[in-house]
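The values are calculated or read from the model by the stated rules, or taken from the named source; none is laboratory data. Small disclaimer: the values here were computed from a predicted structure and weren't measured. Because the Cβ atoms are built from the backbone with ideal geometry, glycine has one as well, and the counts that use them run over all protein chains shown. These area figures cover heavy atoms from the full protein model, side chains too; ligands, DNA and RNA do not enter into them. Shrake-Rupley method; radii C 1.70, N 1.55, O 1.52, S 1.80 Å.
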Amino acid sequence: MRLTIRLLFVVINNTWAIALFKFIQLPRKMAHCVTLVQLSISCDHLIDKDISSKSDPLCVLLQDVGGGKWAELGRTEQIRNCSSPEFSKTLQLEYHFETVQKLRFGIYDIDNKTPELGDDDFLGGAECSLGQVSAQELKDSRVVTMEVEARNLDKKDFLGKSDPFLEFFHQGDGKWHLAYRSEVIKNNLNPTWKRFSVPLQHFCGGDPNTPIQVRCSDYDSDGSHDLIGTFHTSLAQLQAVPAEFECIHLEKQQKKKSYKNSGTICVKICQVETEYSFLDYVMGGCQINFTVGVDFTGSNGDPSSPDSLHYLSPTGVNEYLTALWSVGSVVQDYDSDKLFPAFGFGAQVPPDWQVSHEFALNFNPNNPYCAGIQGIVDAYRQALPQVRLYGPTNFAPIINHVARFAAQAAHQRTASQYFVLLLLTDGAVTDVEATREAVVRASFLPMSVIIVGVGGADFEAMEQLDADGGPLRTRSGEAAARDIVQFVPYRRFQNAPREALAQTVLAEVPTQLVSYFKAQGWAPLKALPPAAKGPAQVPQA
């Protein structure tokens with residue numbers, strides 16, 4: 001992808017230099033939502049530190065690794081005698097949605113050959129999180145989707161038939177490079193393999209005429225797979241569906257005059273589609289709406305007691321606030337107005353002291369929005385002494401509350417909004433069946449539910465909601481459209497860096513967002529042309 005943002009660099013004499021960062025996405029990794037990004041950097045109107053010439057600038061990129069430490073990720077080349085440099089060397093880093101990736105850019109005037117920067121003039125710098133960068137993404141996001149079957153394959157196993165699988169290779173640099181390997185279908189000479197998708201760039205380098213070799217082999221557990229046959233083709237030929245290819249074993253063909261083939265490979269579907277990534281949707285304008293629900297049930301303990309999970313320590317924090325900061329600080333970069341609705345549940349609230357399971361944390365039901373994560377923290381601290389912790393622990397009301405907004409967004413039939421509900425709780429859910437119903441209904445909406453278990457209670461019911469072992473079902477048997485719940489017990493990360501909790505809690509959100517919009521067939525919103533955009537956010541160093 002190509003992203004453009006303007007950042008403000010502070011220079012030592014209070015003048016400013018504007019740097020242009022262009023982010024280019026490389027092929028994404030398969031695990032989680034990790035994307036490699038490259039930064040192309042240019043600067044305008046840098047100050048001159050050399051007496052008789054302009055500065056000789058270089059840009060260094062560092063990333064916050066915690067504990068007040070910064071790790072250098074790379075440097076551009078030095079450009080001689082230039083106040084508006086455009087660096088040709090790109091700087092590369094991994095993009096992780098689950099963490100706040102704090103970056104620091106430094107521009108130095110290099111006047112010697114030593115690698116240390118301490119003896120060079122600092123021209124200016126800027127700090128920001130990678131999540132704050134917003135602009136247009138330009139990349140080839142097409143994928144090849146195929147469905148393939150075979151007929152009358154050769155029998156390779158002595159006591160059975162064959163266990164066939166397919167491998168697709170594309171040609172490049174005089175070599176064959178593996179592009180895709182199918183699953184193995186046991187004991188079948190007429191297999192139909194699962195439909196699969198491969199990035200177009202990876203499949204054929206983006207060229208439909210690139211030579212492609214397809215190998216069909218009989219799987220052996222010791223790795224000594226027996227070749228059934230091969231054929232050569234191209235994406236252009238594969239797209240002429242229905243397409244059939246004779247699977248040829250060259251040695252057999254040379255030995256037997258009567259040899260015809262070792263089976264027929266049939267391509268039933270071969271189409272090039274656009275597959276959008278999480279970044280496609282976010283950079284296309286999708287807003288992530290973050291809502292918080294805090295458990296105020298009596299099982300948390302008296303907030304005035306140091307044993308209570310709601311007890312505010314002398315530092316003003318507890319497990320609830322730590323979890324909130326860990327997750328919220330990541331998500332807030334993806335919401336433009338930084339206004340987050342926050343609710344409490346399981347408490348008796350003034351003035352009538354009725355138990356509520358979705359009361360506004362700021363006690364303003366008409367406007368439950370808090371300004372940033374700090375606003376949620378402030379509302380929580382003010383609400384804590386004003387409510388009576390009670391019970392039971394009901395999740396369904398607040399899930400349904402957020403689902404109503406998600407349903408309204410879904411009616412727009414655009415990939416404009418996605419909702420993330422963070423529930424902070426100390427115990428097992430009481431309204432299990434109602435919560436299951438709520439989650440299953442929400443699975444058909446642009447919505448994810450994150451549950452962080454605070455304290456040391458039994459969280460077995462939460463694990464069931466997570467549904468990692470299979471689709472969540474209601475009592476009547478209706479299955480969830482997709483897995484939208486992620487549960488994590490806070491104390492598993494109590495002694496780990498704060499970022500570790502956010503990484504685990506948020507790891508599934510990108511996949512959940514993409515899976516929803518893909519199922520609906522909704523492409524990302526079109527980015528506004530540069531002239532129509534408002535001013536970019538400007539982090540100041």
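Amide H of R142: which non-local residues (sequence gap of 5 or more, or other chain) have their own amide H closer than 5 Å, using H built in the peptide plane?
Sorted by chain and number, the residues that satisfy this are L200, E275.
For region 398-508, taking Cα atoms only, what is the radius of gyration to one decimal and the Dmax to the nearest whole Å?
Values for region 398-508 (Cα only, Rg and Dmax): 14.3, 44 Å.
Among the DSSP beta bridges whose two residues both lie in region 406-527, what percent are antiparallel, rounded to the nearest 5?
Taking every DSSP beta bridge with both residues in region 406-527, the antiparallel ones total about 5 percent.
For region 180-194, what does the Karplus curve 6.51 cos²θ - 1.76 cosθ + 1.60, with θ = phi - 60°, yield as ³J(HN,Hα) per residue in whole Hz, taken in order and with x for Gly and Pro?
7, 10, 7, 6, 8, 10, 6, 6, 8, 9, 9, x, 10, 7, 5
Of the accessible area of the chain, with the probe set at 1.4 angstrom, what percent is carbon plus sulfur?
Looking at the chain in its full context, I get 50 percent from C and S.
If DNA, RNA and ligands are ignored and the probe is 1.4 Å, what is the ranking of L73, L250, L46 by accessible area, most exposed first?
I get L250, L73, L46, largest accessible area first.
Hey, if we sort D302, D207 by accessible area with the 1.4 Å probe, largest down, what's the order?
D302, D207
Considering the alpha-carbon set of region 173-245 alone, what are its Rg and its Dmax in angstrom?
Both quantities, over Cα of region 173-245: 13.5, 37 Å.
Which percent of Cα pairs goes in each bin when the distances of region 158-204 are cut into 5 angstrom slices starting at zero?
In order of increasing distance, the bins hold 5, 20, 22, 17, 15, 12, 7, 3, 0 percent.
Round to the nearest 10 and report in Å² the accessible area of S55, as given by a 1.4 Å probe over the protein chains' heavy atoms.
0
At most 12 other Cβ atoms within 10 Å and a DSSP loop assignment: could you name the chymotrypsin sites (Phe, Trp or Tyr not before Pro) in region 329-376 that fit?
Of the chymotrypsin sites (Phe, Trp or Tyr not before Pro), the ones in loops of region 329-376 whose Cβ has at most 12 other Cβ atoms within 10 Å are W353.
With every protein chain left in place, what is the accessible area per residue of the chain in square angstrom, probe 1.4 Å?
Heavy-atom SASA per residue in the chain reads 47 Å².
Per-residue ellipticity at 222 nm for the chain, helices alone: DSSP H runs ≥ 4 residues times -39500 (n - 2.57), over residue total, nearest 500 deg cm²/dmol?
Result for the chain, helices only: -5000 deg cm²/dmol.
When 1/r is averaged over all different Cα pairs and the result inverted, which Kirkwood radius in Å belongs to the chain?
27.0
For region 252-348, what is the largest minus smallest coordinate of the Cα atoms on each principal axis, given in angstrom and ordered from greatest to least?
Computed over the Cα atoms, the extents are 91, 33, 27 Å.
What are the aspartates and glutamates whose alpha-carbon lies under 15 Å from the alpha-carbon of K155, with same-chain residues fewer than 8 places away excluded?
D163, D218, D220, D226
Suppose the chain between R404 and D302 were pulled fully straight at 0.36 nm per residue; how much longer would it get relative to their current alpha carbon spacing?
Length gained between R404 and D302: 33.4 nm.
If you count the DSSP beta bridges with both ends in region 291-371, what percent of them are antiparallel, to the nearest 5?
That works out to approximately 65 percent antiparallel.
Viscosity 1.306 mPa s, temperature 10 °C: what is the translational diffusion coefficient of region 52-166 from Stokes-Einstein with a Kirkwood Rh over Cα pairs, rounded to a whole number of µm²/s?
It comes out at roughly 84 µm²/s.
³J(HN,Hα) across region 225-230 via Karplus (A = 6.51, B = -1.76, C = 1.60, θ = phi - 60°), whole Hz, x for Gly/Pro?
5, 8, 6, 8, x, 9
For an R0 of 22 angstrom, estimate the FRET efficiency from the Cβ-Cβ distance between D226 and E149 and round to the nearest 0.05.
FRET efficiency, D226 to E149: 0.65.
Counting C-alpha atoms alone, how compact is region 46-116: give Rg to one decimal and Dmax as a whole number, in angstrom.
14.3, 48
What are the aspartates and glutamates whose alpha-carbon lies under 17 Å from the alpha-carbon of K113, with same-chain residues fewer than 8 places away excluded?
D50, D56, E77, D121
Shape call for region 312-376 from the C-alpha gyration tensor, a ≥ b ≥ c root eigenvalues: rounded (a/c under 1.5), prolate (a/b greater than b/c) or oblate?
It comes out oblate by the Cα gyration axes.
So for each of 107-120, 162-175, 179-192, 501-514 I average, over its residues, the number of other beta carbons within 10 Å; can you give me the resulting order with the highest mean first?
By packing density, highest mean first, the sequence is 501-514, 162-175, 179-192, 107-120.
With unit charges on the beta carbon (Lys/Arg positive, Asp/Glu negative), name the residue among T99, G68, P115 whose Cα is farthest towards the positive pole of the charge dipole of region 53-129.
Of the listed residues, the answer is T99.
If you average the C-alpha positions of region 264-310 and of region 319-369 separately, how far apart do those two centres end up, in angstrom?
Cα centroid of region 264-310 versus Cα centroid of region 319-369: 17 Å apart.
Amide H to amide H under 5 Å from L339: which residues, 5+ apart in sequence or cross-chain, H placed 1.01 Å off N in plane?
G372
With charges only on Cβ, +1 for K and R and -1 for D and E, what is the dipole size of the chain about its Cα centre, in debye, rounded to 20?
Dipole magnitude for the chain comes out near 1680 debye.
Any idea how far apart T315 and R491 come out in nm if each label point goes 7 Å out from Cα toward Cβ?
1.9
If DNA, RNA and ligands are ignored and the probe is 1.4 Å, what is the ranking of H45, H225 by accessible area, most exposed first?
H45, H225
Can you give the three extents of the C-alpha atoms in region 82-133 along their principal axes, from longest to shortest, in whole Å?
Here the spans come out as 40, 22, 17 Å, largest first.
Would you please give the residues with an amide H less than 5 Å from that of L423, counting only those at least 5 places away or on a separate chain, with H modeled from the backbone geometry?
For L423, whose amide H was placed from the backbone, the distant partners under 5 Å are G293, I450, I451, V452.
Quick one: how many Å² of I399 are accessible to a 1.4 Å probe, rounded to 10?
Surface open to solvent at I399 totals about 0 Å².
Note the direction-averaged projected area, equal to a quarter of the hull surface, for the Cα convex hull of region 336-460, in nm².
Its average projected convex-hull area is 8.3 nm².
What percent does the relative contact order of the chain come to when contacts are Cα pairs within less than 8 Å and at least six residues apart?
Relative contact order comes out at 12 percent.
Between K255 and T90, how high is the FRET efficiency from 1/(1 + (r/R0)^6) when r is the Cβ-Cβ distance and R₀ = 60 Å? Nearest 0.05.
Step by step, r from the Cβ atoms, then E = 0.65.
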